[in-house]
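J.: Below you'll find the structure I mean.
Any read-out appearing in this document is the output of simple, stated calculations on the displayed coordinates, not a laboratory observation. Everything numeric here is computed off the predicted structure, so don't read it as measured data. Don't worry about glycine lacking a Cβ; one is built from the backbone with ideal geometry, like all the others, and counts go over all protein chains shown.
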2 protein chains.
Amino acid sequence: MTPATQVDQADWDHPATIYTVAERAGVSHQTVSRYLKGESLRPRNRERVEQAMKALNYRVNAEARALATKKSHRIGAFVFDIDDWAPQRVLAGAAEAAREAGYILDILRVDPTDAPSVDDAVSLMNRTTLAGAVVISPSDTVLKQLRLERLKVPYAVEAEPVLTDGDDRALQHPFAQVVSHLADLGHERFFHVGGPRTWLTARNRLAAYREVIARRGLRSCGETAGEWGAAAGYEAMSSYPLDQAPTAIVTASDQCALGVLFWLQEHGIRVPDDVSVSGYDGIVDAAYYWPPLTTVAVDFALMGRNTVRSLLVSSGLGEAGREMPLGRLIARASTGRPGSGISEV
Amino acid sequence: MTPATQVDQADWDHPATIYTVAERAGVSHQTVSRYLKGESLRPRNRERVEQAMKALNYRVNAEARALATKKSHRIGAFVFDIDDWAPQRVLAGAAEAAREAGYILDILRVDPTDAPSVDDAVSLMNRTTLAGAVVISPSDTVLKQLRLERLKVPYAVEAEPVLTDGDDRALQHPFAQVVSHLADLGHERFFHVGGPRTWLTARNRLAAYREVIARRGLRSCGETAGEWGAAAGYEAMSSYPLDQAPTAIVTASDQCALGVLFWLQEHGIRVPDDVSVSGYDGIVDAAYYWPPLTTVAVDFALMGRNTVRSLLVSSGLGEAGREMPLGRLIARASTGRPGSGISEV
DNA sequence: GGTACCGGTGTTACCGCTAACGTATGCGGG
DNA sequence: CCCGCATACGTTAGCGGTAACACCGGTACC
């Protein structure tokens, strides 16, 4: 019978604790605790503790620590529209940033149309001890419903600065790029298929649209508002009077643009010969829409990262360093020189 | 100065504990603990405890319980391709099932191409005490990388039964539906644009394809393998010799089908007049592809539910009851009676 | 009527960690 | 030489639950 090595023993029976580590290192458990907290130790002891930890394969017990400190290494994330592309990417980025910082993201999916479920979610957050909370891609409505001030933990909301009409910064918004791109091609009559006005992101895109229109002396033939998906794009086209024959349709999302393309196809309107269409978001599939969709690729994951980071910073943990997400225009075949435009159909 | 109500007091200062509840109810803390565990109490005491809990807004402290029992009510979820549609839905289902069973799902997103991050994730899982772990939509490659045997907790992998050629159950696979649908329309020459062979799901779809082909005496003009996205579908079409003029192209995913449609469009091949195309998954956008895509809507969420359930069952917790996920054929304009097929292009 | 049994209850200890305080040691200054 | 002070370390007491055991009154049994 060969004796088990010390590692295996501690590993399987019961995982090593600071007490077993302390015993092996010949110090008190508190010294081990201090090592964990990064406080200063006498070099000799530090070395011994390190060796003991390695030998016993020590892992800190997150629950015990959480119980003692009343702090956890978990971040709650309020998520709403998990089906849409952008929020998903934001979430992915947030999850990644959290993991890098040694936190786990507890995802709490909430149906914004179901008021009691929103309340449940908030109280659930309060119940379990969390390091903080992040709110991913919220519309104003859910933000209002959440009443975040109820949260007893620090929180961060993923949000861009609010742009209003006439705000210079609107020209810096990535959405302005695609409008300018169309203007550069010679378009003068635009139509905006927008997202839900309850979303700041949709309003900002609209603001950027208006700003470019105004600054460059162009004409807007209309602005619609709807959901983010393809159905909304289709809906917008079929219900809006296009009597001013716009030559460029700028949509607030790629999926929305898909619905627009579908409607145009259905009505025998050629893209980009008759009318140009642009999307926004930069989803991968957009390259395979017919025709391939001009869009602006946005680094949504970075926005998620930033939200988590700013939460950690505001809690005094983690270092700052917020990179601004930039959009990158991807010009494809769905935009070209102005055509005849759409009139009556 | 109005005195705060008892609720607010306990709520804000420090949350109620079983001790404060016990004191208020006039029993010992252990009686409260027994109430929590669902053991029997004298009716009078039960009532008192319940009242005290409500009055103090008591919530159990998950950390403390976990520390005492060495069990947690959290399930870790390894997630890889959060970008794709199917895994996303699976995850949502898993989260829901977990919540219903009183667990929360800790989502751990891992980049499978980044080996150290995989290791980090596993050790993070081991560090925190978890009830178990589930692996969402893994390919064989990541499964190998994970080396799940390292996990010290029970785990379940989301997986369908392995289908091999000649397996009767292959005909039950939802993918068989779409192939049969095309056969019913009169198609005899098929082409399969498949997913990555490292994925069981892709292999099973292939097996179902082959089985229908074999049983109904049809002909397969080719089988390709690639990623799940549109690019792979395009790639498959452009690189494979289609000298046998298939009249039906059955793809392993909707996104993949998008790439196929694009290629066909590019080459002036009409759908479904010349060739029929089908997808799989049932993503929402598919209704707005051109032409609208025939597909099979799969209840991926249910698969996630099943995975979590089977984890709980294998841990002796929770009851069995695994419903088989069914697919629902959605016939749209991309499939029709056989056309001339594709030959040389 | 004593005894065994049993459900309901209280007491004490413990899970693995941190907080708070006490104590030993070393160093500079009066 | 003593004092003050800082630093390293040990001791004790909790965090909020559960586990294990002791206990107590009542019922069933011989």
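J.: For the residue pair A:Lys37 and B:Tyr19, what label-to-label distance in nm results when each label sits 7 Å from Cα along the Cα-to-beta-carbon direction?
T.: So the two model labels end up 2.1 nm from each other.
J.: Okay, moving on. Tally Lys/Arg at +1 and Asp/Glu at -1 over every other residue whose Cβ is under 12 Å from the Cβ of B:Ala22; what's the total?
T.: +2
J.: Still on this structure, please answer the following. As I understand it, the value is the acute angle between the Cα axis of helix A:200-215 and the longest principal axis of the Cα atoms of chain A; what does it come to in degrees, rounded to 10?
T.: Taking Cα atoms only, the helix is inclined about 40 degrees.
J.: Over the whole of B:49-60, what's the average partner chain Cβ count within 10 Å per residue? Rounded to a whole number, please.
T.: Numbers: counts 0, 0, 0, 0, 0, 0, 0, 0, 3, 1, 5, 2.
So the per-residue partner count for this stretch is 1.
J.: I'd like to know which of B:Ala297, A:Ala64, A:Ala214 lies farthest towards the positive end of the charge dipole of the protein assembly as shown, counting +1 on Cβ of Lys and Arg and -1 on Cβ of Asp and Glu.
T.: A:Ala64
J.: For chain A, build the charge dipole from Cβ charges (+1 Lys, Arg; -1 Asp, Glu) around the Cα centre, then report which of A:Tyr19, A:Pro116, A:Gly132 sits farthest towards its positive end.
T.: Highest projection toward the positive end goes to A:Tyr19.
J.: While we're here: Calculate one ³J(HN,Hα) per residue across region B:233-249 by plugging θ = phi - 60° into the Karplus curve 6.51 cos²θ - 1.76 cosθ + 1.60, and present them in order as whole Hz with x for glycine and proline.
T.: x, 5, 4, 4, 5, 7, 9, 9, x, 10, 6, 9, 6, x, 9, 9, 10
J.: For a quick check of your reading of the filter: which trypsin sites (Lys or Arg not before Pro) in region A:231-309 sit in a DSSP loop and have no more than 14 other Cβ atoms within 10 Å?
T.: A:Arg270
J.: Would you calculate the separation in nanometres between label points at A:Arg46 and A:Asp140, each defined as 7 Å from the Cα along the Cα-to-beta-carbon direction?
T.: The two pseudo-label positions are separated by 5.5 nm.
J.: Continuing with this model, one more query. With +1 assigned to the C-beta of every Lys and Arg and -1 to the C-beta of every Asp and Glu, and no other charges, what is the dipole magnitude of the protein assembly as shown about the Cα centre in debye, to the nearest 20? Write down the numbers at each step before the final one.
T.: Working: 74 positive and 84 negative charges, 587 e Å.
Computed charge dipole of the protein assembly as shown: roughly 2820 debye.
J.: Would you please name the trypsin sites (Lys or Arg not before Pro) within region A:95-147 that are DSSP coil residues with at most 16 other C-beta atoms within 10 Å of their C-beta?
T.: The qualifying sites are A:Arg147.
J.: Now, a different point. Lysines within cross-link reach of A:Lys54: Cα-Cα under 28 Å, excluding same-chain residues under 8 positions apart?
T.: Reachable lysines: A:Lys37, A:Lys70, A:Lys71, B:Lys70, B:Lys71, B:Lys144, B:Lys152.
J.: Moving on to the next point. Just flag the GluC sites (Glu not before Pro) in region B:12-98 sitting in loop per DSSP whose Cβ has no more than 16 other Cβ atoms within 10 Å.
T.: B:Glu39
J.: Would you mind checking the tilt of helix A:115-127 against the longest principal axis of the Cα atoms of chain A, expressed as 0 to 90 degrees and rounded to 10?
T.: Roughly 30 degrees, rounded to the nearest 10.
J.: Tell me, in nm to one decimal, what length is gained between A:Asp168 and A:Ser340 on full extension, where the rule is 0.36 nm per residue of separation less the Cα-Cα distance? All intermediate terms of the calculation are to be shown ahead of the outcome.
T.: Details: separation 172, 0.36 × 172 = 61.92 nm, distance 3.20 nm.
Length gained between A:Asp168 and A:Ser340: 58.7 nm.
J.: Please work out whether chain A counts as rounded, prolate or oblate from its C-alpha gyration tensor, where a ≥ b ≥ c are the square roots of the eigenvalues and a/c under 1.5 means rounded, while otherwise a/b larger than b/c means prolate and anything else oblate? Show your work: numbers first, answer last.
T.: Numbers: a/c = 3.01, a/b = 2.72, b/c = 1.10.
Prolate, because a/c is 1.5 or more and a/b exceeds b/c.
J.: Is region A:112-155 best put as rounded, prolate or oblate by its Cα gyration tensor, with a ≥ b ≥ c the root eigenvalues, rounded for a/c under 1.5, and otherwise prolate when a/b is larger than b/c, oblate when not?
T.: Taking the square roots of the gyration eigenvalues as a ≥ b ≥ c, region A:112-155 is oblate.
J.: Shifting gears a bit: Evaluate the charge dipole of region B:113-180 about its Cα centre and quote only its size in Debye, nearest 20, assuming +1 on the Cβ of each Lys and Arg and -1 on the Cβ of each Asp and Glu.
T.: For region B:113-180, the charge dipole is close to 360 debye.
J.: Same structure again: Given the C-alpha centroids of region A:142-220 and region A:259-292, what is the distance between them in whole angstrom?
T.: 21
J.: What does a probe at A:Asp83 reach in region A:91-114, counting residues whose amide N is under 17 Å from the point 7 Å along Cα→Cβ?
T.: Correct set: A:109-114.
J.: Based solely on its DSSP helices, what 222 nm [θ] is calculated for the protein assembly as shown when runs of n ≥ 4 H residues each add -39,500 (n - 2.57) and the sum is averaged over all residues, nearest 500 deg cm²/dmol? Walk me through the numbers before you get to the answer.
T.: Numbers: 26 runs with 294 residues, N = 690.
My calculation for the protein assembly as shown gives -13000 deg cm²/dmol from helical runs alone.
J.: From the Cα gyration tensor of region A:70-157, with a ≥ b ≥ c the square roots of its eigenvalues, which class applies: rounded if a/c is under 1.5, or else prolate if a/b is larger than b/c, or else oblate?
T.: Values: a/c = 2.02, a/b = 1.11, b/c = 1.81.
Taking the square roots of the gyration eigenvalues as a ≥ b ≥ c, region A:70-157 is oblate.
J.: What are the residues whose amide H is under 5 Å from the amide H of B:Asp106, where those residues sit 5 or more places off or on another chain and H is modelled from the backbone?
T.: B:Ile75, B:Gly76, B:Ala77
J.: Let me ask something else. Picking from B:Val153, B:Val179, B:Ile330, whose Cα lies most toward the positive end of the charge dipole for chain B (charges on Cβ: Lys, Arg +1; Asp, Glu -1)?
T.: Going by the Cα projections, it comes out as B:Val153.
J.: Anyone know which of B:Gly259, B:Gly132, B:Gly268 comes out most mobile in the 10 Å Cα GNM of chain B?
T.: Of B:Gly259, B:Gly132, B:Gly268, the most mobile in the Gaussian network model is B:Gly268.
J.: Right, here's the next one. Return P(r) of the protein assembly as shown (all Cα-Cα pairs; 20 Å bins starting at 0; whole %; ordered from short to long distances).
T.: For the protein assembly as shown, the pair-distance distribution reads 16, 43, 31, 10, 0.
J.: Something else about it: Mind checking the dipole of chain B: about its Cα centre, +1 per Lys or Arg Cβ, -1 per Asp or Glu Cβ, Debye to the nearest 20?
T.: For chain B, the charge dipole is close to 1660 debye.
J.: Oh, and also: Which of B:Tyr280, B:Tyr240, B:Tyr35 moves the most in a Gaussian network model of chain B with Cα springs under 10 Å?
T.: Evaluated over chain B, the most mobile residue of the options is B:Tyr35.
J.: For the pair A:Ala68 and B:Glu96, how long in nm is the line joining their label points, each one 7 Å along Cα→Cβ?
T.: Those two pseudo-labels are separated by 4.1 nm.
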